[in-house]
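The values are calculated or read from the model by the stated rules, or taken from the named source; none is laboratory data. Keep in mind the model is a prediction, meaning the values are calculated, not measured. Cβ placement follows ideal geometry from the backbone for every residue including glycine, while neighbour counts extend to all protein chains displayed.
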Amino acid sequence: DTEVTQTPKHLVMGMTNKKSLKCEQHMGHRAMYWYKQKAKKPPELMFVYSYEKLSINESVPSRFSPECPNSSLLNLHLHALQPEDSALYLCASSRRQDGTEAFFGQGTRLTVV
Amino acid sequence: GEDVEQSLFLSVREGDSSVINCTYTDSSSTYLYWYKQEPGAGLQLLTYIFSNMDMKQDQRLTVLLNKKDKHLSLRIADTQTGDSAIYFCAETTGFQKLVFGTGTRLLVSP
């Protein structure tokens, strides 16, 4: 099993809503990541978790709140988003803590209206 | 800076070879990667090369690394229409962080 599963695949939310993106992997990887990808742009790192602890926060606004409840799950809680936050949100995991050989999920396409 | 540059677009005919180029910035990068992204989809890790290698071959894929010029290339032999996608090179810059190139859209025509 080399899959990283993200749900939902698509999400439309209003600026006052609260929603969560979910990510799951069963490869035993202990590093998990959130990336954001705007249209026609490369992915950009948001957060890194190592052994369920937040190790990198790339100065992401507090309206994005990550959570790692256990070694297989990674959530991204969303609150009071702006239309410019509309993007493809990608989760990834890797066996090694240095980020090598990262496997990505299919992403959640988020639209903020 | 952390700009990893790629040419925007490449068009080839089915059966030809494709060569996608990348210029990276961090000479201390230990691993360099190639990812494929199909429309509306996530990223698929195609291959990677360790910085002390200058070539790696994996079936139809050949990666060449020129550390002196910080140049990475991906050659796809016998390109198929299913290879049409956006290809990103990426480097690890420091602990745990992947920095992606600007992406090259490959179009394969029959």
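Structure notes:
- Within the range A:22-31, considering residues that are modelled with pLDDT under 95 and closer than 24 Å to B:Phe88 by Cβ, the one nearest to the other protein chains (Cβ to nearest Cβ): A:Ala31
- Restricting the range B:87-99 to residues that are at the interface with chain A (Cβ under 9 Å from one of its Cβ atoms) and crowded, with 20+ Cβ neighbours inside 10 Å, the residue that is nearest to the chain's Cα centre (by Cα): B:Phe88
- Qualifying positions in the range A:47-74 - aromatic (Phe, Trp, Tyr) and in a strand (DSSP E or B): A:Phe47, A:Tyr49, A:Phe64
- Residues being part of a strand (DSSP E or B), away from chain B (no Cβ under 14 Å) and over 17 Å from A:Ala39 (Cα atoms) - total across the range A:75-113: 5
- Among the numbered conditions (1) surrounded by fewer than 19 Cβ atoms within 10 Å (Cβ to Cβ); (2) more than 9 Å from chain A (Cβ to nearest Cβ); (3) in contact with a Ser or Thr (Cβ under 8 Å, 6 or more places away or on another chain), the only one that B:Tyr31 does not meet is (2).
- Subset of the range A:48-73 (residues that are aliphatic (A, V, I, L, M) and within 14 Å of chain B (Cβ to nearest Cβ)): A:Val48, A:Leu54, A:Ile56, A:Val60
- Screening the candidates A:Lys36, A:Lys19 for the property of being more than 12 Å from the chain's Cα centre (by Cα), modelled with pLDDT of 95 or more, in a strand (DSSP E or B) and surrounded by 15 or more Cβ atoms within 10 Å (Cβ to Cβ) yields one hit, A:Lys19.
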